[in-house]
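All remarks here apply to the structure that follows.
What follows draws every value from the coordinates through simple rules; no lab data is involved. All figures in this text were calculated on a predicted structure; none of them were measured in a lab. Glycine also receives a Cβ, built like all others from the backbone with ideal geometry; neighbour counts cover every protein chain displayed.
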Amino acid sequence: MNINETIKPTNTISAYLAGFLVHATQIGVGVLGYQRVIAKEAGHDAWIAVVLAGLATHLIVLVMTHTLKSYPNADIYGIQVDIFGKWLGTALGVLYAIYFFLSATLILRTYVEVVQTWMFPNLPTWVLTAIILFLAIYTIMGGIRVVAGYTFFSVSATIWLVCDLYYPLQYAQWEYLFPILEANAEQLFRGMLGMALSSIGFEILYVIYPYVQNKERLSRSVQTGVLVTNLIYTLVMIVSLVFFSQGQLMRTIWATLNLKKMVYFPILERFELIAISVWLLVILPNIMVCIWSSARGFKRLFGWSLRKTTFMILPVIYVICLFLVSRNQINQLNDLYAKIGLYAAYVYPLFLFVLVKWKQRRRRIKEGAADANVPK
């Protein structure tokens, strides 16, 4: 396997669209109910934990971009083979591909659960799952450019959903935010860890990097996308804290959807049903990018066809979704995924960055020694 890829110009995307991809993969089903998890740990200082988690994400994204800049055109699969060798690097690459595969599965199954809970309790899981996977594969077959184009459309068409926070703000109890900094450092840290399931997704930067045209602008574009994500999460958390009491928030599973119940129009009473329907546009980029990243990993590692690999992955995702029946099963898998994602997205990039810089330094030393031994 070549460490650095040669991508045709017709298959590349701009750094501007890469920022949209990273932002879209961070905003998914997690934003619908993350508040209870954070508030359980940090209380009414949960919004501070969200801000701190956002700053940590900016730092990790900076580390990722510096790691990728160490190579002309490599992705995570090639870098791991270069650093760890063929066998260990391939094994780690398979784990990363499975991680993206698991991410797509949980996003899909959680959204189906939301639709079944709020809209159609008797809707069979296999029907909606099949429809969403069909929509995803239809776009994935077009390549990363089509996926990026759809992501741009998705973000542009759904960003207005943030504006409806004005309605619950009319009933805000701002004293719920005080006293500030009542939570200690340990509680804030646990609250930051609770944000893992919601804020991860930016690690797809490791896979899309070779496809970016103007790489010198990538860091600024991705950081902007992450900033928009963090602002949305912080705003939604603050509104939730001043609208719900702590007791109410602890009993509310889908706090964001409950906020949307406050939106009222004379011709529309159940606005949250509209929001859930439109949310399909939000979660589709998550599913598409994760499936594409997983299939791309197997292609890079084993030379398999991207199309055939995608058609192999989809039935497995479909079957797993059918076996996840109860809320307890979905919660357990989500908790497991959050722990894995914490290491894959926040810890491992730091470790990989150190190894890449160390290996580069060794190479420079060897090249310098070789040049010194060349007879003049």
Between residue 360 and residue 162, Cβ-based FRET efficiency (R0 45 Å, step 0.05) works out to 0.60
Going through 299/366; 215/366; 8/86; 339/366; 8/366; 86/366 one by one, the pairs whose alpha carbons sit over 31 Å apart turn out to be 299/366; 339/366; 8/366
Any lysines whose Cα falls less than 26 Å from that of residue 261, other than same-chain ones fewer than 8 residues away, would be 40
Computed D for segment 256-303, Stokes-Einstein, Kirkwood radius over alpha-carbon pairs, 10 °C, 1.306 mPa s, to the nearest µm² per second, is 120 µm²/s
Kirkwood-based Rg/Rh on the Cα set of segment 1-52 evaluates to 1.27
Scalar couplings 3J(HN,Hα) for segment 170-187 by Karplus 6.51 cos²θ - 1.76 cosθ + 1.60 (θ = phi - 60°), nearest whole Hz, x for Gly and Pro, are 5, 10, 5, 10, 5, 5, 5, 7, 10, x, 6, 6, 6, 6, 7, 4, 5, 5
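How about segment 225-306: which chymotrypsin sites (Phe, Trp or Tyr not before Pro) there lie in a loop by DSSP and see at most 10 other Cβ atoms within 10 Å? Don't skip to the answer; put the middle values down first.
Numbers: sites: 233, 243, 244, 254, 264, 271, 279, 292, 298, 302, 304; in loops: 244, 254, 264, 304.
Sites meeting the loop and neighbour criteria: 264.
Could you work out the percent of alpha carbon pairs in segment 96-232 separated by over 26 Å, rounded to a whole number?
Values: 4179 of 9316 pairs.
Looking at segment 96-232, the distances longer than 26 Å represent 45 percent of pairs.
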The answer for residue 74, listing residues at least 5 apart or on another chain whose modeled amide H is closer than 5 Å to its amide H, is 5
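So how much slack lies between residue 335 and residue 185, counting 0.36 nm per residue of separation and subtracting their Cα-Cα distance, in nm?
Working: separation 150, 0.36 × 150 = 54.00 nm, distance 2.25 nm.
In short, 51.7 nm is gained.
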Once both label points are put 7 Å beyond Cα along the C-beta direction, the residue 138-residue 69 separation in nm becomes 4.1 nm
For segment 247-257, Karplus-derived ³J(HN,Hα) couplings (6.51, -1.76, 1.60; θ = phi - 60°; whole Hz; x for glycine and proline) come out as x, 5, 5, 5, 9, 9, 7, 10, 5, 5, 5
The answer for residue 13, listing residues at least 5 apart or on another chain whose modeled amide H is closer than 5 Å to its amide H, is 212, 213
Computed from the beta carbon distance with a Förster radius of 35 Å, FRET efficiency for residue 10 and residue 176 to the nearest 0.05 stands at 0.05
Rounded to the nearest 500, the 222 nm mean residue ellipticity computed for the chain from DSSP H runs (n ≥ 4, each -39500 (n - 2.57)) alone is -23500 deg cm²/dmol
For segment 169-285, the percent of all C-alpha pairs falling in each 5 Å bin, from 0 up to the bin holding the max distance, is 2, 8, 13, 18, 18, 14, 11, 9, 5, 2, 0
Taking Cα atoms, the helix 218-243 axis meets the longest principal axis of the chain at an angle in degrees (rounded to 10) of 20 degrees
Projected onto their principal axes, the Cα atoms of the chain stretch, largest extent first, over whole-Å spans of 85, 47, 34
Residue separation between residue 146 and residue 308 times 0.36 nm, minus their alpha-carbon distance, gives in nm 56.5 nm
